[in-house]
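Remarks on the structure that follows.
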Amino acid sequence: MERVALSDLMAEYAMALDEDRLEDWVELFEEECDYRVVTRENVEQGLPNVLMWCDNKNMLRDRVESYRLVNEYNPHYDRHVIGPLRIVAQQDSAATFEASYSLFQTDLEGNTRIFSVGRYRVEALLRDGAARLKSVQVVADTGTIPTLLATPI
Amino acid sequence: MERVALSDLMAEYAMALDEDRLEDWVELFEEECDYRVVTRENVEQGLPNVLMWCDNKNMLRDRVESYRLVNEYNPHYDRHVIGPLRIVAQQDSAATFEASYSLFQTDLEGNTRIFSVGRYRVEALLRDGAARLKSVQVVADTGTIPTLLATPI
Amino acid sequence: MERVALSDLMAEYAMALDEDRLEDWVELFEEECDYRVVTRENVEQGLPNVLMWCDNKNMLRDRVESYRLVNEYNPHYDRHVIGPLRIVAQQDSAATFEASYSLFQTDLEGNTRIFSVGRYRVEALLRDGAARLKSVQVVADTGTIPTLLATPI
């Protein structure tokens with residue numbers, strides 16, 4: 001897979017979340033996919049806890065739908081700033097890579113704070129000429145994430 | 001336009017501002033250009049307010065000159081960290097793209113804080129082999145930007 | 001040198017530090033190398049102070065070894081998010097470039113804060129097909145960096 005396709009994929013991933021286009025974000029995934037958010041502390045201690053876990057695309061759809069039902073309007077703005085990709089493995093039709101992220105939230109008064117920083121580990125596939133997400137593991141350095149009603153990271 | 005030319009353009013855009021080379025920043029624009037800063041809240045509510053607006057290059061020159069007259073020395077440091085580009089449209093000699101930004105300010109005591117996060121929407125042209133800015137719209141998530149004497153975002 | 005090799009180099013630079021793989025980070029440098037951290041204030045005032053300075057690879061090795069002896073475990077997490085590269089000079093086997101960085105730290109309670117923002121100025125060489133660091137100058141906007149036991153930036 002070409003590097004630029006992976007960079008585009010992550011740019012769209014971030015913009016879809018930041019613009020509250022959660023349904024578009026889901027469409028970046030394969031039907032058979034895995035999305036999970038874990039804390040770095042748990043990973044390094046070998047603990048199995050996950051903050052969010054969807055192991056197929058229908059679970060992602062359900063999660064976004066539930067979020068829409070609970071939140072009539074989006075009570076904050078998200079903003080992802082993602083760093084350069086670190087390619088772990090690269091083939092013609094598949095790639096594994098990592099990227100660091102910073103995620104800021106802005107409340108209704110317009111105040112911005114750091115919400116979470118961490119790292120993505122992504123497996124991507126080429127499907128019909130477009131890069132798609134096979135798995136996304138978010139390893140969050142920040143441990144203080146309220147997750148019940150949170151948008152994806 | 002080649003992708004790398006757009007990335008270079010934004011890298012220089014950010015460095016010029018961060019190094020207080022505001023005159024170099026102006027030179028990245030076409031004579032007929034548009035630079036404006038709006039808040040995301042206003043955009044989403046369809047309100048016409050703008051925080052900063054220059055609709056040609058001479059207005060940008062005037063603004064930088066005024067800033068120089070008022071501020072004998074730069075009372076803070078800016079630092080932009082820009083995320084990957086999301087290409088919206090791309091032709092041989094023109095491109096439209098978006099990118100998220102985080103902008104930090106450091107005061108004279110050396111303390112750093114988040115100043116603004118948001119998104120650029122840029123129209124770029126190829127002129128004499130170099131990428132130039134036709135329009136830049138800054139959509140700031142952060143609503144608490146003091147703008148009277150501010151440097152551009 | 002190809003652009004993508006430089007971007008990969010900085011992605012690995014940041015990931016090695018953030019994952020506490022300090023020995024891997026050292027291996028990105030040439031034997032004859034220069035790594036230094038200075039504050040922007042000192043640079044702009046022409047002062048010679050440096051916060052950290054290693055002028056060959058053995059000094060980097062020593063520094064990492066000392067750090068390991070003092071810190072039995074890593075008391076915080078680092079997270080670098082690096083912006084797009086600004087190429088200053090580029091040849092077949094060498095390149096000079098700059099990049100802005102934001103560096104976040106997360107403490108043992110999981111709280112994240114801005115630790116430092118600033119700019120890298122990097123000279124890179126092509127050696128045996130891989131990009132290596134000849135010199136890295138970190139110019140930190142943030143002035144309040146405790147350096148005695150700090151990890152590299």
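The values are calculated or read from the model by the stated rules, or taken from the named source; none is laboratory data. Computed from a predicted model, the values in this text were never measured in an experiment. Cβ placement follows ideal geometry from the backbone for every residue including glycine, while neighbour counts extend to all protein chains displayed. Ligands, DNA and RNA are excluded from the accessible area calculation, which covers all protein heavy atoms including side chains. Shrake-Rupley method; radii C 1.70, N 1.55, O 1.52, S 1.80 Å.
Working carefully through the options C:E98, C:E123, find the one that is at the interface with another protein chain (Cβ under 7 Å from one of its Cβ atoms) and over 22 Å from C:H76 (Cβ atoms). Steps first, answer last, please.
Numbers: C:E123 fails: at the interface with another protein chain (Cβ under 7 Å from one of its Cβ atoms).
Criteria check complete, one pass: C:E98.
Taken together, C:A150, C:A124 contain a single residue that is open to solvent by less than 30 Å² (accessible area, probe 1.4 Å), modelled with pLDDT of 95 or more and closer than 22 Å to C:V64 by Cα, which is C:A124.
Return the total of residues in region A:76-132 being among the charged types (D, E, K, R) and within 14 Å of the chain's Cα centre (by Cα). Break it down into steps so the answer makes sense when it comes.
Taking region A:76-132 as the starting set, the residues that turn out to be among the charged types (D, E, K, R) are A:78-79, A:86, A:92, A:98, A:107, A:109, A:113, A:119, A:121, A:123, A:127-128, A:132.
Checking which are within 14 Å of the chain's Cα centre (by Cα) leaves us with A:78-79, A:98, A:119, A:121, A:123, A:132.
Matching residues across region A:76-132 total 7.
Quick check on B:I87: is it in contact (Cβ under 8 Å) with a residue 60 or more places away in the chain and at the interface with another protein chain (Cβ under 9 Å from one of its Cβ atoms)? Walk me through how you get there before you give the answer.
Details: in contact (Cβ under 8 Å) with a residue 60 or more places away in the chain: yes; at the interface with another protein chain (Cβ under 9 Å from one of its Cβ atoms): yes.
Considered against the rule, which asks whether it is in contact (Cβ under 8 Å) with a residue 60 or more places away in the chain and at the interface with another protein chain (Cβ under 9 Å from one of its Cβ atoms), B:I87 comes out as yes.
Candidates are the residues of region A:68-85 that are assigned to a loop (DSSP other than H, G, I, E, B) and open to solvent by 80 Å² or more (accessible area, probe 1.4 Å); the one that is farthest from A:R119 (Cα to Cα) is A:E72. Screening the candidates B:V4, B:V88 for the property of being touching a strand residue (DSSP E or B) at 6+ places or on another chain (Cβ under 7 Å), open to solvent by 20 Å² or more (accessible area, probe 1.4 Å) and either outside any loop (DSSP other than H, G, I, E, B) or closer than 23 Å to C:A99 by Cα (or both) yields one hit, B:V88.
For (1) over 24 Å from C:D141 (Cα atoms); (2) out of contact with any Pro (no Cβ under 6 Å at 6 or more places or on another chain); (3) modelled with pLDDT under 95, each residue gets a yes or a no:
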residue: C:Q45; (1), (2), (3): no, yes, yes
residue: C:N49; (1), (2), (3): no, yes, yes
residue: C:N58; (1), (2), (3): yes, yes, no
residue: C:H76; (1), (2), (3): no, yes, yes
residue: C:F97; (1), (2), (3): no, yes, no
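On the stretch given as region B:127-147, residues that are modelled with pLDDT of 85 or more and in a loop (DSSP other than H, G, I, E, B) total 5. The residues of region A:101-115 that are facing another protein chain (nearest Cβ under 9 Å) and either in contact (Cβ under 8 Å) with a residue 60 or more places away in the chain or under 23 Å from A:E27 (Cβ atoms) (or both) amount to a single one, A:Y101.
Just one of the listed residues (A:E23, A:E98, A:E44, A:E65) is open to solvent by 70 Å² or more (accessible area, probe 1.4 Å), closer than 28 Å to B:L85 by Cβ and charged (D, E, K, R), namely A:E23. The criterion of being within 14 Å of chain C (Cβ to nearest Cβ) and not in a helix (DSSP H, G or I) holds for B:D20.
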